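Everything below concerns the one structure shown next.
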Amino acid sequence: MSANDLPDFASLDFDDVAGGPPWVLHGRRDSSPTPEGIELLAAYGPSDREGTSSTDWMPGFAPYVRGPYTTMYARRPWTVRQYAGFSTAEESNAFYRKNLAAGQRGLSIAFDLATHRGYDSDHERVAGDVGMAGVAIDSIEDMRILFDGIPLDRMSVSMTMNGAVLPILALYVVAAEEQGVAPEKLTGTIQNDILKEFMVRNTYIYPPAPSMRIVGDVFRYTSACMPRFNSISISGYHMQEAGATADVELAYTLADGLEYVRAGIEAGLDVDRFAPRLSFFFAIGMNAFMEVAKLRAARLLWAELMAPFEPKDERSSMLRTHCQTSGWSLTATDVWNNVVRTHVEALAAVLGHTQSLHTNSLDEALALPTDFSARIARNTQLVLQDESGICRTADPLGGSYYVERLTQEARREELGSTSPRSKELGGMARHRGGPAEAPHRGVRRAREARIDSGERVIVGVNKHRPDRADDVPVLKIDNAAVRARRSSASKLGRSATARPSSARWPRSPRSPPEPRATCSRPRSRRRASARRWARCPPRWNACSDGTAPSRACCAACTRTRCPPTTGRSRRRASASPRSRSARDASRASSSPSSARTATTAARRSSRRRSPTWASTSTSGRCSRRPGRRPVRRSRTTCTSSA
Amino acid sequence: MKQDARLRAATREEWRERVRAELEDEDPDVELARRTPAGAVALAVYGPEKGPVGDRYEGVRPDAGWVATETVDLGDDDAATRASDARRLGIESLRLVDTSGRADVAGFVEALDGAGARFVATCPRILEAALRSHATCVGAIDPFRASTLAPVSAPIDLAVDARAIELVPAGVLALEVDASGLRERGGDAVLELAWFLASVVERFRANAGIALRYAVRLATGRDVFEEVAKLRAARALAGTLGHMLEQERWSVEIRAVGLRLALAEVDTATNAVRASSQAVTAALGGADAIEVLPFEGATGRALRLSRTTHAVLRDEAWLDAVADPTGGAWYVEDLTDQLARAAWERFRDIERAGGLARFVATGALESCLAEGRSARDAALADGSLVVVGVNRYTETTGRAGR
């Protein structure tokens, strides 16, 4: 065409002009499949959406693939909920208040390892852990300080607590009551997911059977007295952190969820009394579209899995979740790349329609976040909410050929692998430490091998490795100073209910009061009951076979040597993202993958053997010496000491 | 895969009824509809009734992956060092500008040529010197670029295109439409697209049917899906234009660069998130070349992050794995269509006004940009346009990074 032949564009309507020639590229991509075993195509088209029910789904309607609520973020964005806590209750409280003033919308409390495992801060076994990876809470005084100036009737509080769930929940209820807030007004979540503790996170205290009973007790109590509070956060996060792929994380988390539903029903509850308060917790890794598909598939599968229980309340089938960006994906070198990683993951989480989100800080592979790095992490979410425009429309990726296909693939992978096997084995609670661990271990080993060989690229580690260390300020917790401060506070009577480790506690944990249909007891009595729990850390002498603890049983294993919680046993908790990062940084070696803190942590985790309660039960002996706090031990330890 | 029969489908009408009840009888398609920065309407939910419109948007992206690009000013004292660092960190294409007008282009290119870089020359002098040095070089010649960067009174020399084309072997990319400057000065996404169409047509007229291959350089701002839709619309409109110009060897390379205006001058560390967002957006939109902005000026850490971001997005996030990953998404398809239509209408307005050169010469462009700037300032002042750390969440409690 010559210039003179040009059409008169001014007179041409858009619908009068044709499009360009269609372009079709629809072959397989020349690359290895995803770690989940899904082969990606170079491009996806209309045929990839055929055969899915995506055109029939709407947000807020079962099976909730497009989001659990009708308008999702268009009317209310997700809750910015940053997991934080360190040092003393005073310091953590100040940190929370600063963050809330700067745009955070909900609290997520990180407890230190000592609190997780039920130790007071002055116990000799936890000397190195106090205040390091979370806040140390020993008493009602600590809890009071922790929430000082934070109105618990208006603040949703999430607490990552599993083993010592009873005293911590009790302390929280009492702290609220002292603010004049009744339990029924409390909103938030208690993690209370003991199954994944046995599998990956390792801060359990009791054997599986009594642990599951506690879970059921918490269900009963919260369904009766705390109707707005999520009684559990069924967590896949730690599985992905320990090496699981998205499909394995999804499969085992949903299988755990089913086990908790059964536990609730076995506790005598109608499914609709507790299922609407079940919540989930997923990790969001770097493969953004896979993570979006995972969250969509999770909601679809949960609705399907709940259907046989015949819930009448549609909320019982609705999967609501908290998400956290991956700690594993962060690197200890070239840490500014972590901002990009966290941003990509946060974007995936919100495109997958999470209900709340934690974004990691850029320095979390080195230490706990500073104010500076915490601000960037929080602003990552605020920029997404207020600047990116993604809240306008529910499920903006709905209909995408790629995403819809991937959603179905994720569902198929999950259903094809783990769930049926879990059913065959009789549920997640019955095979802790057995097959449940195998899938992510294998994946983890393969992943580390690919990193070491350079096949899998980690920027700053095995590609574009920096010549010099990052110049970022890091937060250092002076553990000795924390313990000294807590000790002096205790002497001054601040922690009135804290007792020295030598104090004699009541012999065994008591079940929480039987919940009633409504909390009809006078508040003063309820408070007294909760205080009693608050003062009484759980007694750790449950027997390894899951039977009720007794002195006679405990006396049978007096020869057992209890290892200290430092060293190996402390490292077992390294799958906890918070504790893992800071500790591992100092141990990074020159190997490419070991420079990634999380990889190192995962490797450590793989070295350990999980306690196999079933094997020790044959001896009928308790795994601890009377008068000592709990220890977890491997089969080897128990066998040799028996 | 069999799904549980108890999970029945929901219709859009059921959804509307439920939301209407939640909104106390307001129509959700009215009450919850929002406008994007460029004026497109976004509903609260989309479904198949808002699907792809014909074949126009089928396959709007011909290939997966992008070329990592960085701009180097040859007039800077440290240009050679900076370019060398960029190459070492995986930057594949160096976009050369020379603000001094006196830089030793040949010396610079020869020093780097061995490293296998692709050079993008933004003026004939650089293009000529680079080609003389036998470097791998493409052109980014745009006679209208100066008009996008500042008000100009000098006449626009459209003959520069012909000279550029003479310099490069037949079929090699020589021409560019750089619309990114418009966004920095207050223009919106629709104006960018219309500018692209009008520029190609104007240059086609002036240079007797020269079109061949073009590149279009667009800024990626903060609104993720609008920018994704814009990049998709640019490719669809390019297809339409090539078809109308009857160009057999027609192709358009889309180059995306982060929008500097979207970065904040305070609390600059948060710009690392914004720069990442711009890069992700460009990748999702199918840009063929992406340039990531340093988040706090030319500091070492900011430059390094702007370069390594490409590798993180490719190697760790797999964003180069699938072409047009948002294709088929009802919302994205609808936005793409809205932007393409709006851009076509704006293009027709420019044509009615006598073409692009006249649009610039009469001051119509400047008034259009001034209007955009005023609207942005007003939105910032009344809080309807939020910039984190600037007019919301302004409390900076943290220590500044060193």
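The values are calculated or read from the model by the stated rules, or taken from the named source; none is laboratory data. What you see is a predicted model; the values in this text were computed from it and never measured. With ideal geometry, Cβ positions are generated from the backbone for all residues, glycine too; neighbour counts draw on all protein chains shown. For the accessible areas, the whole protein counts, side chains as well, though only heavy atoms, and no ligand, DNA or RNA atoms are used. Shrake-Rupley method; radii C 1.70, N 1.55, O 1.52, S 1.80 Å.
Brief remarks follow.
- Selected residue (criterion: farthest from the chain's Cα centre (by Cα)) from residues of segment A:208-229 that are assigned to a helix (DSSP H, G or I) and aromatic (Phe, Trp, Tyr): A:Tyr221
- Pick from segment A:335-359, criterion open to solvent by 10 Å² or more (accessible area, probe 1.4 Å) and assigned to a loop (DSSP other than H, G, I, E, B), ranking: nearest to the other protein chains (Cβ to nearest Cβ): A:Trp336
- Test: residue in segment B:363-371 that is surrounded by 22 or more Cβ atoms within 10 Å (Cβ to Cβ), at the interface with chain A (Cβ under 7 Å from one of its Cβ atoms) and either assigned to a helix (DSSP H, G or I) or not hydroxyl-bearing (Ser, Thr, Tyr) (or both): no
- Within segment A:230-286, helices (runs of 4 or more DSSP H) holding 3 or more residues that are surrounded by fewer than 24 Cβ atoms within 10 Å (Cβ to Cβ) and touching a residue at least 24 places away in the same chain (Cβ under 8 Å): A:246-266, A:271-274
- Condition broken by B:Ile350, with the remaining ones in (1) modelled with pLDDT under 95; (2) crowded, with 20+ Cβ neighbours inside 10 Å satisfied: (1)
- Evaluating A:Thr380 against the criteria (1) part of a helix (DSSP H, G or I); (2) in contact with a strand residue (DSSP E or B) (Cβ under 8 Å, 6 or more places away or on another chain); (3) not aliphatic (A, V, I, L, M) leaves one unmet condition, (2).
- Criterion applied to B:Leu339, B:Leu356 was being crowded, with 22+ Cβ neighbours inside 10 Å, under 22 Å from B:Glu227 (Cα atoms) and not polar (S, T, N, Q), and the one residue passing it is B:Leu339.
- Scanning segment A:376-401 for residues that are facing chain B (nearest Cβ under 7 Å), open to solvent by 10 Å² or more (accessible area, probe 1.4 Å) and touching a residue at least 60 places away in the same chain (Cβ under 8 Å) returns A:Arg392, A:Tyr401.
Matching residues to (1) in contact with a strand residue (DSSP E or B) (Cβ under 9 Å, 6 or more places away or on another chain); (2) farther than 20 Å from B:Ala375 by Cβ:
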position	(1), (2)
B:Leu193	yes, no
B:Val200	yes, yes
B:Arg217	yes, yes
B:Asp223	no, no
B:Leu231	yes, yes
B:Thr240	no, yes
B:Leu245	no, yes
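- The sole residue among B:Ala198, B:Ala162 that is open to solvent by 10 Å² or more (accessible area, probe 1.4 Å), within 14 Å of chain A (Cβ to nearest Cβ) and either outside any loop (DSSP other than H, G, I, E, B) or among the small types (Gly, Ala, Ser) (or both) is B:Ala162.
- Members of segment B:120-150 found to be more than 21 Å from the chain's Cα centre (by Cα) and open to solvent by 20 Å² or more (accessible area, probe 1.4 Å), listed by number: B:Pro124, B:Arg125, B:Glu128, B:Leu131, B:Arg132, B:His134, B:Thr136
- Single residue of A:Thr70, A:Thr34, A:Thr55 found to be of a type outside the set (A, V, I, L, M), assigned to a helix (DSSP H, G or I) and either at pLDDT 85 or above or surrounded by 16 or more Cβ atoms within 10 Å (Cβ to Cβ) (or both): A:Thr55
Per-residue answers, yes or no, for (1) in a strand (DSSP E or B); (2) open to solvent by 10 Å² or more (accessible area, probe 1.4 Å); (3) of a type outside the set (Val, Ile, Thr):
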{"site": "A:Val80", "(1), (2), (3)": "yes, no, no"}
{"site": "A:Glu90", "(1), (2), (3)": "no, yes, yes"}
{"site": "A:Ala94", "(1), (2), (3)": "no, yes, yes"}
{"site": "A:Leu107", "(1), (2), (3)": "yes, no, yes"}
{"site": "A:Ala114", "(1), (2), (3)": "no, no, yes"}
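- Qualifying residues in segment A:13-31 (those that are within 7 Å of chain B (Cβ to nearest Cβ) and under 18 Å from B:Asp337 (Cβ atoms)) - the one modelled with the highest pLDDT: A:Phe14
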